[in-house]
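Comments concern the structure below.
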Amino acid sequence: MRDGSPCAVRETTSGRGVDLILDPIGGPTRLASFEALAPLGRVALYGESARPPPDLHLPVWTNNHALTGYSIGDLSRRAPETLRRHALAALGLVASGAVRIDITAEYDLAEAPEAQRLLEAGENTGKAVLRVRR
């Protein structure tokens, strides 16, 4: 679906909404996500590319919704073996073709500072990767 607006989601699901939204963006997009959830639906946070994160009042309790998060940085500090298992499982799905990653930009390792600048400025879409040559 090209139009991910809450109205389009409700129309596509005959007014029901969706059970799960994966949110790497945050900001106003996060608030709109809750409007597209079905009863008992969940929003899973794993990023905050909309900087700075605004102070949003999320309608969680009153609408029977749930909010959860996943932080690789925190998990690597607190539970590195759990992160290792998650990473191996995810890479296995990619290797098998069950999951496809949209790579929208590739940079040589020498271009890493520019790639980082673009990421921090929010000027990228999709996934950016660094090429490492032997």
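The values are calculated or read from the model by the stated rules, or taken from the named source; none is laboratory data. These numbers come from a predicted model, not from an experiment. For neighbour counting, all protein chains shown are included, and Cβ atoms are generated from backbone atoms with ideal geometry for every residue, glycine included. For accessibility, only protein heavy atoms count, side chains too; no ligands or nucleic acids. Shrake-Rupley method; radii C 1.70, N 1.55, O 1.52, S 1.80 Å.
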In the stretch 29-134, carbon and sulfur make up what percent of the accessible area (probe 1.4 Å)?
57
Local charge sum around residue 118 (other residues, Cβ-Cβ under 13 Å, Lys/Arg +1, Asp/Glu -1)?
-3
Whole-Hz Karplus couplings 3J(HN,Hα) for the stretch 19-26, θ = phi - 60° and coefficients 6.51, -1.76, 1.60, Gly and Pro as x, run 7, 9, 10, 9, 10, x, 9, x
Note on the chain: helices (DSSP H) long enough, at least 15 Å by alpha carbon along their axis, and hydrophobic enough, mean Kyte-Doolittle at least -0.5, are 80-96
How large is the dipole of the chain about the Cα centre if only Lys and Arg carry +1 and Asp and Glu carry -1, each at its Cβ, rounded to the nearest 20 debye?
480
Whole-Hz ³J(HN,Hα) for each residue in the stretch 97-111, computed from phi via Karplus 6.51 cos²θ - 1.76 cosθ + 1.60 with θ = phi - 60°, x for glycine and proline: what do you get?
x, 5, 10, 10, 9, 7, 8, 9, 8, 10, 10, 5, 4, 5, 8
Karplus (6.51, -1.76, 1.60) ³J(HN,Hα), θ = phi - 60°, over the stretch 58-65, in Hz, Gly and Pro reported as x:
8, x, 8, 5, 5, 10, 6, 9
What number, in percent, do you get for the relative contact order of the chain if the mean sequence gap of Cα pairs under 8 Å and at least 6 apart is divided by its residue count?
16
Size of the chain along its principal axes in angstrom, Cα-based, largest extent first?
54, 33, 31
